[in-house]
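First comes the structure, then the notes that go with it.
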Amino acid sequence: MSSEPLLVIDKLNKSYSSGFGGRHKTQILHEVSLSVNCGQTLGLVGESGSGKSTTASCVMGLTGVDSGSIRFDGQEITGLSKSDRRTLRGRMQMVFQDPNGSLDPRFTVRDLVEEPLIVHGYKDRTERQLKVAKTLDLVGLTEKQAERYPHAFSGGQRQRIAIARALVLNPQLVVLDEPVSALDVSIQAQVLNLLAQLQDELSLTYLFIVHDLAVARLMSHQIAVMHHGKVVEYGTAQEVFEETTHPYTQALLDAVPGTKQGAGHA
Ligand code: ADP
Ligand code: MG
């Protein structure tokens with residue numbers, strides 16, 4: 001296995017067009033560069049509107065880029081054809097803040113977790129059933145729960161279902177866009193523990209978008225701080241939290257009691 005990071009974003013620029021005929025362009029990302037090491041977590045933090053989700057969309061190919069490079073496992077993935085993108089999609093998956101958007105209420109949990117396998121051309125039903133059972137077990141859902149519909153579950157359990165859908169294809173990279181922000185604090189810890197445990201067991205690489213600095217610190221090996229579409233601070237979690245140089249990062253840290261002293265997450 002190469003020692004190159006699994007994901008390398010280099011000088012990424014991205015704008016959105018608006019107005020009649022898309023005449024007005026607003027640049028959202030400015031020369032964004034960061035990388036995520038194999039089997040590790042990069043925490044991407046920053047206030048709302050700073051460009052975190054846009055960065056994730058570019059990585060997942062949900063939107064195009066203006067310029068710059070995104071390499072996944074050594075391969076340039078900007079400008080891929082639809083079919084190449086589909087092949088790749090099994091290797092990188094995303095979990096969103098609100099699981100309800102991706103969980104069709106007409107399907108049972110088992111069907112929801114099986115669906116990505118069908119979409120990706122797994123024709124053998126027995127193989128699919130085995131993978132679904134294994135994945136449900138991984139995220140802590142029982143066989144009995146698998147026969148129920150999403151509405152029967154709490155927010156935290158629905159996020160487990162969304163995580164199972166992301167993991168059933170056995171991805172290397174998982175992009176997590178504020179996966180616990182919508183959950184009760186007591187439930188947040190359970191889902192974070194699950195994500196950490198899954199990373200260990202499956203050697204997963206996470207791009208973890210999070211606005212809560214305490215959570216970022218708890219979960220991340222590296223941290224990138226975004227501000228107005230730029231990466232203003234980037235380093236190991238320890239460097240960013242204890243030796244921060246950028247005034248914006250300092251202001252973020254000052255706003256959160258207990259994150260500055262280096263005593264760990266209370
Ligand atoms: P974050 O995830 O950090 O809150 P986003 O990446 O969602 O930030 O948004 C960054 C900026 O890009 C915001 O100003 C937002 O309004 C704008 N933006 C996001 N998506 C679109 C879009 N599809 N079209 C136009 N502007 C967008
Ligand atoms: Mg966002």
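The values are calculated or read from the model by the stated rules, or taken from the named source; none is laboratory data. Since we're looking at a predicted model, the values are computed, not measured. Glycine also receives a Cβ, built like all others from the backbone with ideal geometry; neighbour counts cover every protein chain displayed. These accessible areas exclude ligands, DNA and RNA; they are computed on the full protein's heavy atoms, side chains included. Shrake-Rupley method; radii C 1.70, N 1.55, O 1.52, S 1.80 Å.
If you filter region 82-99 down to residues that are within 16 Å of ligand 1 (Cβ to nearest atom) and either of a type in the set (K, R) or closer than 21 Å to Y16 by Cβ (or both), you find that the one that is surrounded by the most Cβ atoms within 10 Å (Cβ to Cβ) is M94. Restricting attention to region 2-36, the residues that are assigned to a loop (DSSP other than H, G, I, E, B), open to solvent by 50 Å² or more (accessible area, probe 1.4 Å) and within 28 Å of R91 (Cβ to Cβ) add up to 3. Against the numbered list (1) open to solvent by 30 Å² or more (accessible area, probe 1.4 Å); (2) in contact with a helix residue (DSSP H, G or I) (Cβ under 6 Å, 6 or more places away or on another chain); (3) of a type in the set (S, T, Y), S48 comes up short only at (2). Please determine whether any residue of region 82-89 is closer than 30 Å to T54 by Cα, among the small types (G, A, S) and under 20 Å from the mean Cα position of the chain (by Cα). No, region 82-89 contains no residue that is closer than 30 Å to T54 by Cα, among the small types (G, A, S) and under 20 Å from the mean Cα position of the chain (by Cα). Within region 54-72, take every residue that is open to solvent by 30 Å² or more (accessible area, probe 1.4 Å) and touching a Gly at 6+ places or on another chain (Cβ under 9 Å) and give me the one that is nearest to K11 (Cα to Cα). Result: V65. Identify, by number, the condition in (1) within 15 Å of ligand 1 (Cβ to nearest atom); (2) modelled with pLDDT of 95 or more; (3) part of a loop (DSSP other than H, G, I, E, B) that T55 doesn't meet. Unmet for T55, out of (1) within 15 Å of ligand 1 (Cβ to nearest atom); (2) modelled with pLDDT of 95 or more; (3) part of a loop (DSSP other than H, G, I, E, B): (3).
Condition first: within 7 Å of ligand 1 (Cβ to nearest atom) and touching a residue at least 60 places away in the same chain (Cβ under 8 Å). Now tell me which residues in region 24-46 satisfy that. Within region 24-46, I28, G46 qualify. Output the residues belonging to region 122-180 that are closer than 12 Å to V109 by Cβ and of a type in the set (K, R). Result: K144, R148, R158, R160, R165. Answer with yes or no whether Y234 is within 30 Å of L103 (Cα to Cα), open to solvent by 60 Å² or more (accessible area, probe 1.4 Å) and not hydrophobic (A, V, I, L, M, F, W, C). For Y234, the condition - within 30 Å of L103 (Cα to Cα), open to solvent by 60 Å² or more (accessible area, probe 1.4 Å) and not hydrophobic (A, V, I, L, M, F, W, C) - is not met.
Exactly one residue out of I118, I163 is away from ligand 2 (no atom under 16 Å from the Cβ) and within 15 Å of the chain's Cα centre (by Cα), and it is I163.
Grab the helices (runs of 4 or more DSSP H) fully contained in region 120-204, keeping just those with 2 or more residues being surrounded by fewer than 20 Cβ atoms within 10 Å (Cβ to Cβ) and assigned by TED's automatic domain parsing to the domain that holds C38. Give the steps one after another, and end with the answer.
On the way: elements: 125-138, 155-167, 185-202.
So the answer is 185-202.
Remark: pairs (first residue in region 218-234, of a type in the set (K, R) and part of a strand (DSSP E or B); second residue away from ligand 1 (no atom under 12 Å from the Cβ) and at pLDDT 95 or above; Cβ separation under 8 Å; 6+ apart in sequence or on different chains) = K230/E31.
Would you confirm whether or not region 73-81 contains a residue that is open to solvent by 30 Å² or more (accessible area, probe 1.4 Å), within 16 Å of ligand 2 (Cβ to nearest atom), at pLDDT 95 or above and not in a loop (DSSP other than H, G, I, E, B)? Please lay out each step first, then the result.
Within region 73-81, the first condition is being open to solvent by 30 Å² or more (accessible area, probe 1.4 Å), and the residues that meet it are 73-76, 78-81.
Next, from what is left, pick out any that are within 16 Å of ligand 2 (Cβ to nearest atom): none.
Looking for residues that are open to solvent by 30 Å² or more (accessible area, probe 1.4 Å), within 16 Å of ligand 2 (Cβ to nearest atom), at pLDDT 95 or above and not in a loop (DSSP other than H, G, I, E, B), one finds none in region 73-81, hence no.
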